[in-house]
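Structure record follows, encoded as structure tokens.
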Amino acid sequence: MLAMLSVRSAKLCRMPSSQESFRQVVADRLHSAAIHLLRHARQQDALTRQGPARLSALSVLVFGGPMALGQLAGAEQVKAPTMSRIVAGLKRSGLAKIETDAKDARRIRVTATAKGNRLLQQARARRVRLLAETLGGLTRPEIDTLLKAAELMERAVGRRAGRG
């Protein structure tokens, strides 16, 4: 049986015998790597002077388009009152605007402003630049492997979400 190197413990461990347990090991490693990667990239977010919750909600609006407050809360996995506070902060900062629904004045629609869109695009560019710099020590074949891994993860998530 093959052995693999565990990055966290920096020691060799036995490869799981079943396909299911091997998937579990890979999932655990991906989970850990993704968290560390995003924490590393998030260092750049301080330059926006916005908190993580606001940036996350703004990202949903910029890349997903305008939506009702309840939809945004659902996308961010928070309750509507929490999202109301987040959106109020975005509005105060000029990053989002709130419009009432023409058919139902009790419903609101949240949209990223041009300023919000610029801020989010700039923040994303800084994160991507930092990640590209982080990959600078890798060889071209290693980067090709990461590209293939990213494609596979996108496909797996898309299939799981019913998009593939």
(message) Suppose we filter the stretch 110-128 for residues that are at pLDDT below 90 and among the charged types (D, E, K, R); how many remain?
(response) 3
(request) Just give me the residues in the stretch 107-118 being among the charged types (D, E, K, R) and over 16 Å from Met67 (Cβ atoms), in sequence order. (result) Lys115, Arg118
(request) Quickly run through the stretch 1-52 and pick out the residues that are modelled with pLDDT of 75 or more, within 26 Å of the chain's Cα centre (by Cα) and not in a helix (DSSP H, G or I). (result) Arg49, Gln50, Gly51
(request) Out of the residues in the stretch 130-164 that are within 21 Å of Ala27 (Cα to Cα) and of a type in the set (Val, Ile, Thr), state the one that is nearest to the chain's Cα centre (by Cα). (result) Val157
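The values are calculated or read from the model by the stated rules, or taken from the named source; none is laboratory data. A quick note: this is a predicted structure, and the numbers were derived from the prediction, not measured. Cβ atoms come from the backbone with ideal geometry, glycine included; neighbour counts cover every protein chain shown.
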